[in-house]
1. Would you be able to say whether some residue in the stretch 192-205 is buried (at least 23 other Cβ atoms within 10 Å of the Cβ), in contact with a strand residue (DSSP E or B) (Cβ under 8 Å, 6 or more places away or on another chain) and free of Cβ contacts under 8 Å to residues at least 40 places away in the same chain?
2. Examine the stretch 166-180 for a residue that is touching a His at 6+ places or on another chain (Cβ under 9 Å) and either modelled with pLDDT under 95 or closer than 30 Å to D70 by Cβ (or both), and state whether such a residue exists.
3. What single numbered condition from (1) part of a helix (DSSP H, G or I); (2) farther than 27 Å from H202 by Cβ fails to hold for A114?
4. Would you check which residues across the stretch 20-41 are under 15 Å from P273 (Cβ atoms) and touching a His at 6+ places or on another chain (Cβ under 9 Å) and list them?
5. Could you identify the single residue in G14, G72 that is at positive phi and surrounded by fewer than 22 Cβ atoms within 10 Å (Cβ to Cβ)?
6. Please find, among G33, G37, G62, the residue that is in contact with a Ser or Thr (Cβ under 6 Å, 6 or more places away or on another chain) and either in a loop (DSSP other than H, G, I, E, B) or on the phi < 0 side of the Ramachandran plot (or both).
Amino acid sequence: MSELRFEDVTVRYGTGRRAVRAVDGISLTVPAGQVVGLVGESGSGKSTLARAAVGLAPVSAGRVLLDGEDVGRRRVGRPGRAVQMVFQDPYASLDPRMRVGDSVAEAVPRAAAADAAGRRAEVARLFRLVGLDTGHIHCRPAELSGGQRQRVALARALAGRPAVVVADEITSALDVSVQGTVLNLVRDLQRQMRLGMLFISHNLAVVRYVSDIIAVMYLGRIVECGPARDVLADPRHPYTRELLAAAPHRDGYTRDTPEPVDTTVTDVEPPDPHHLPAGCRFHPRCPVGPLVLPGRTDCLTLDPAADAPERVHRSACHFAGELPAPTGAPG
């Protein structure tokens, strides 16, 4: 088992005044054998962080480490890839001209299968592992359903013998009836193989089902992070509370909002990432911020990220300790 760690990672696109920090100084740890759920709305930078973990997005500053070694350098001279990614759209990530068995076989390290017969046996094993009939090995992606293609994508990721898997919105392109089956498969495989996993989604209901730790991302930064049960029972950042209120209510997660919500604030679109607001980045949309409670002027000028490590759940909110406890609690 291995630990994946992001140390003050920044990913910047563009130059000059039009440059955008899609990921802005993120520090996050995926402990060995645990699932970290990364949740946030579209444009928050989740997928960019995922791509940085596997070398598909340039890291402008900071480091991505696996057991203390740089992920990029660790791959050199070692079988497989230490960190593997499962993409959101399995049809786009599979070559439509190749049989899916061949796509999976490409990812099998030579150390795991030295000859063609060994490679075929390994592919068959991986297909059975993800719940696919071995007869599907000779199919092309267009001949499979969305759920089957996503299972192939999982098999291909596992073929590389990874220490950590990054799963980026892997259920969002699937029918609702298939999502639960794939989530159960992911959770079972993670526990069976004791993998570390960074599980990314915009849906907090999905994230809380599989995660040991939940990290909430907003405009390129982690605004809250902690054990899943603690974050769900007592979220300390207003943005986390908004995400939780928007998630389907079930199994005791339903909660009443103790403070009045000004929908004229919460319905505001996210700021332009080229022109981020001063102070707290969430304050133009915050239901308990300075646009609702004028006395909270610190939110307009002071960045709460600086003191976040000292607050409960590393919350990037000046008033995290003053938020009333929610009335609902996880069951």
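1. The answer is no, given that none of the residues of the stretch 192-205 is buried (at least 23 other Cβ atoms within 10 Å of the Cβ), in contact with a strand residue (DSSP E or B) (Cβ under 8 Å, 6 or more places away or on another chain) and free of Cβ contacts under 8 Å to residues at least 40 places away in the same chain.
2. Checked against the condition, which is being touching a His at 6+ places or on another chain (Cβ under 9 Å) and either modelled with pLDDT under 95 or closer than 30 Å to D70 by Cβ (or both), the stretch 166-180 yields at least one hit.
3. All conditions pass for A114, except number (1).
4. Selection gives V20, G40, E41.
5. After applying the criteria, what remains is G14.
6. G37
The values are calculated or read from the model by the stated rules, or taken from the named source; none is laboratory data. Remember, it's a predicted structure, so these values are computed and weren't measured experimentally. Counting neighbours? That spans all protein chains shown, and the Cβs are built from the backbone with ideal geometry, glycine included.
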